[in-house]
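Reviewing the structure listed below.
The values are calculated or read from the model by the stated rules, or taken from the named source; none is laboratory data. This structure is a prediction, so every number in the text was calculated from the model and none was measured. As a convention, Cβ positions derive from the backbone with ideal geometry for all residues, glycine included, and neighbour counts pool all protein chains shown. Surface accessibility is based on the protein's heavy atoms, side chains included, excluding ligands, DNA and RNA. Shrake-Rupley method; radii C 1.70, N 1.55, O 1.52, S 1.80 Å.
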Amino acid sequence: MARFRGPRLKRCRAVGTVLPGLTSVATLDRPYPPGVHGANRRNKPSDYKVRLQEKQKARWHFGVLEKQFQAYVRRASRMKGSTGLNLVLLLESRLDNLVWRLGLARTIPGARQLVVHGHVQVDGHRVDRPSFHVSAGQVIAIREKSKNKPFVQELVAEATTRVRPTWLEFDPAKLEGKLITAPDRQDLPFELNENAIVEYYSQKL
């Protein structure tokens with residue numbers, strides 16, 4: 001399980017954008033790289049740095065370790081169609097990401113904690129693996145024993161204002177959501193050049 005205990009905004013500043021899965025802040029107060037000379041760096045980034053940053057964006061947003069991320073890239077390359085698009089769809093179909101997308105957690109790390117602690121079930125069966133791949137038609141719900149817990153009620157209250165992608169439906173009364181169709185690349189909540197990620201790994205895999 002990927003666990004990062006350091007300053008999350010520092011990572012957002014390193015890649016130049018807010019990663020909504022990593023932090024709940026809306027904007028960066030200091031939109032430049034961290035460090036003493038961060039605000040004064042004006043050099044044009046190399047092609048390698050651009051590709052590295054795009055990879056780090058996706059990896060940090062979804063909370064995936066490097067070895068696991070490489071496995072996703074390999075899997076995406078074996079699927080039909082664009083490798084970059086396949087990679088995004090695989091990451092978006094992770095259970096922890098969908099719990100966050102449904103509004104049942106403020107961040108993906110928070111959603112991962114819900115899953116690992118056994119509060120989430122898929123199609124009526126408890127699943128405690130954040131990386132579990134959810135297919136279209138499957139139902140994600142909070143376990144019956146967990147619905148009355150105070151922290152769950154607090155999250156549900158906040159979920160009423162969450163804007164969800166069209167490929168997800170959510171029933172607040174039942175505390176369950178459904179993946180209607182495969183995730184849509186256009187709904188990715190931050191700017192990402194997935195082709196740059198594929199280029200980054202082209203000589204590594």
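Details
- Any pair with Cβ under 6 angstrom, 6 or more apart, that starts in region 127-145 at a residue that is closer than 13 Å to L98 by Cα and ends at one that is open to solvent by 60 Å² or more (accessible area, probe 1.4 Å) and among the β-branched types (V, I, T): A136/T181
- Subset tally (residues that are outside any helix (DSSP H, G or I), modelled with pLDDT of 65 or more and in contact with a helix residue (DSSP H, G or I) (Cβ under 7 Å, 6 or more places away or on another chain)) for region 29-60: 1
- Residue check, L91 touching a residue at least 40 places away in the same chain (Cβ under 8 Å) and surrounded by 18 or more Cβ atoms within 10 Å (Cβ to Cβ): no
- Hits in region 119-135 (condition: more than 20 Å from V64 (Cα to Cα) and of a type outside the set (V, I, T)): H119, Q121, D123, G124, H125, R126
- Pairing each residue of region 1-29 that is on the phi > 0 side of the Ramachandran plot with any residue that is at pLDDT below 80 and of a type outside the set (A, V, I, L, M), provided the two are 6+ apart or on different chains, yields C-beta distances under 7 Å for G16/P31.
- Residue list for region 161-180, filter: at pLDDT 90 or above and open to solvent by 70 Å² or more (accessible area, probe 1.4 Å): T166, E169, K178, I180
- When residues of region 193-205 are limited to those that are touching an Asp or Glu at 6+ places or on another chain (Cβ under 6 Å) and of a type outside the set (V, I, T), the one surrounded by the most Cβ atoms within 10 Å (Cβ to Cβ): A196
- Here the condition is being of a type outside the set (F, W, Y) and under 19 Å from R106 (Cα atoms); of I197, I142, it holds for I142 alone.
- Take the conditions (1) open to solvent by less than 10 Å² (accessible area, probe 1.4 Å); (2) at pLDDT 95 or above; (3) under 19 Å from P165 (Cβ atoms); (4) among the aliphatic types (A, V, I, L, M); L102 misses just one of them, which is (2).
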